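K.L.:
Take this structure, written in structure tokens, and hold onto it; I'll ask about it next.
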Amino acid sequence: MAQDANEPAQAEVLAALAAYESSVAEGKPEAQVDEKLEAIIEMVPHARITDLYFWGERDRTNEEIVEEALLREGLWREGGDLAVLLRIHGQMKQVADDPDASELHRDSAAQGLADILAEIENLKGATTQ
């Protein structure tokens with residue numbers, strides 16, 4: 001998938017994520033921390049980056065989080081919300097079915113699957129109406 005000219009570079013999103021983490025570590029006021037988080041969300045608005053960062057179906061490095069976020073943005077440009085949701089569904093299903101995954105990650109993925117499936121069905125219903 002080629003990078004769109006308007007898509008932020010990986011280094012740019014990584015720097016924003018590092019700035020967010022620094023503001024948290026330094027105990028900055030909540031408004032400043034939220035501002036840093038909002039800046040990241042604005043860079044990759046369709047990637048569900050807060051889900052990746054805070055509640056991902058598996059542990060990821062910051063680099064992996066940003067790579068996945070940029071991939072999801074590309075998927076969104078090509079296929080909209082449904083393409084992103086199908087990607088997330090596949091990832092959660094893989095972890096939920098993986099006997100080598102931690103119990104915490106399997107349970108989290110299994111719980112998330114129901115929510116994602118409901119979103120997919122709602123989206124499909126909205127497009128057929």
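K.L.:
Just give me the residues in segment 5-34 being in contact with a Pro (Cβ under 9 Å, 6 or more places away or on another chain) and in a loop (DSSP other than H, G, I, E, B), in sequence order.
P.N.:
none
K.L.:
What number of residues within segment 42-58 satisfy the criterion of being of a type in the set (A, V, I, L, M, F, W, C), over 8 Å from the mean Cα position of the chain (by Cα) and either at pLDDT 95 or above or surrounded by 13 or more Cβ atoms within 10 Å (Cβ to Cβ) (or both)?
P.N.:
Residues flagged as of a type in the set (A, V, I, L, M, F, W, C), over 8 Å from the mean Cα position of the chain (by Cα) and either at pLDDT 95 or above or surrounded by 13 or more Cβ atoms within 10 Å (Cβ to Cβ) (or both) within segment 42-58 amount to 2.
K.L.:
Among the residues of segment 35-60, write down those that are outside any loop (DSSP other than H, G, I, E, B) and among the acidic types (Asp, Glu).
P.N.:
Glu35, Glu38, Glu42, Asp51
K.L.:
Criterion first (of a type in the set (D, E, K, R) and at pLDDT below 95) does Glu26 satisfy it?
P.N.:
So Glu26 does not fit the description; no.
K.L.:
To continue, here is another question. Within segment 95-110, how many residues turn out to be more than 16 Å from the chain's Cα centre (by Cα) and either of a type in the set (D, E, K, R) or in a helix (DSSP H, G or I) (or both)?
P.N.:
Residues that pass the stated criteria total 9.
K.L.:
When you scan segment 67-81, do you find a residue that is outside any helix (DSSP H, G or I), among the charged types (D, E, K, R), at pLDDT 95 or above and over 14 Å from the mean Cα position of the chain (by Cα), even just one?
P.N.:
No, there is no match, as no residue in segment 67-81 is outside any helix (DSSP H, G or I), among the charged types (D, E, K, R), at pLDDT 95 or above and over 14 Å from the mean Cα position of the chain (by Cα).
K.L.:
Further question: Exactly one condition in (1) surrounded by 13 or more Cβ atoms within 10 Å (Cβ to Cβ); (2) out of contact with any Asp or Glu (no Cβ under 6 Å at 6 or more places or on another chain); (3) touching a residue at least 40 places away in the same chain (Cβ under 8 Å); (4) part of a helix (DSSP H, G or I) is not met by Glu63; state its number.
P.N.:
If we test Glu63 against (1) surrounded by 13 or more Cβ atoms within 10 Å (Cβ to Cβ); (2) out of contact with any Asp or Glu (no Cβ under 6 Å at 6 or more places or on another chain); (3) touching a residue at least 40 places away in the same chain (Cβ under 8 Å); (4) part of a helix (DSSP H, G or I), just (1) comes out false.
The values are calculated or read from the model by the stated rules, or taken from the named source; none is laboratory data. Given the structure is predicted, the values throughout are model-derived calculations rather than measurements. So basically every Cβ, Gly included, is an ideal-geometry build from the backbone, and we count neighbours across all protein chains shown.
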